[in-house]
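A.B. asks: Dumping the structure here so I can ask a few things about it.
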Amino acid sequence: MSRIKVVALRKSIGKAQFYNLYNLGVGAGTSINELVSTLSRVTSRDLEFSYLPGRIIDVPVNVLDISKSNKDLGWESKSL
């Protein structure tokens with residue numbers, strides 16, 4: 001179990017509302033190519049993927065707000 005999951009679970013124990021949703025990350029955007037490269041490195045596997053044409057509903061950039069996990073969990077983001 002990753003460190004953030006353990007931290008989130010410990011913070012939730014004993015509370016009336018046992019679940020919560022958190023965005024986890026480093027507070028900066030990551031391209032699909034960077035994500036594939038990181039996953040490949042972390043898993044020590046060559047990942048197969050293919051590019052498809054963009055769709056009108058695809059967002060060009062999506063950076064999630066991680067302030068809630070920082071505040072509620074005391075989480076300090078670190079790059080891999």
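A.B. asks: Output the qualifying pairs, or none if there are none: Cβ atoms under 6 angstrom, residues six or more apart or on different chains, first residue in segment 35-48 and under 23 Å from Val61 (Cα atoms), second residue of a type in the set (Val, Ile, Thr).
C.D. replies: Every condition considered, the pairs that remain are Leu47/Val36.
A.B. asks: Could you grab me the full set of residues in segment 40-73 that are touching a Lys or Arg at 6+ places or on another chain (Cβ under 8 Å) and either of a type in the set (A, V, I, L, M) or part of a loop (DSSP other than H, G, I, E, B) (or both)?
C.D. replies: Within segment 40-73, just Leu73 meets the criteria.
A.B. asks: Might you check whether a residue that is among the basic types (Lys, Arg) and modelled with pLDDT of 70 or more occurs anywhere in segment 57-80?
C.D. replies: Yes - at least one qualifying residue is present in segment 57-80.
A.B. asks: Looking only at segment 35-46, how many residues end up being at pLDDT 85 or above and surrounded by 10 or more Cβ atoms within 10 Å (Cβ to Cβ)? Even if it seems obvious, please write down each step before you answer.
C.D. replies: Step one: list which residues in segment 35-46 are at pLDDT 85 or above, which gives 36-46.
Of the ones still in play, those that are also surrounded by 10 or more Cβ atoms within 10 Å (Cβ to Cβ) are 36-41.
Of the residues in segment 35-46, 6 are at pLDDT 85 or above and surrounded by 10 or more Cβ atoms within 10 Å (Cβ to Cβ).
The values are calculated or read from the model by the stated rules, or taken from the named source; none is laboratory data. On a predicted model such as this, the values are computed, not experimentally measured, just so you know. Backbone-built Cβ (ideal geometry, glycine too); neighbour counts: all protein chains shown.
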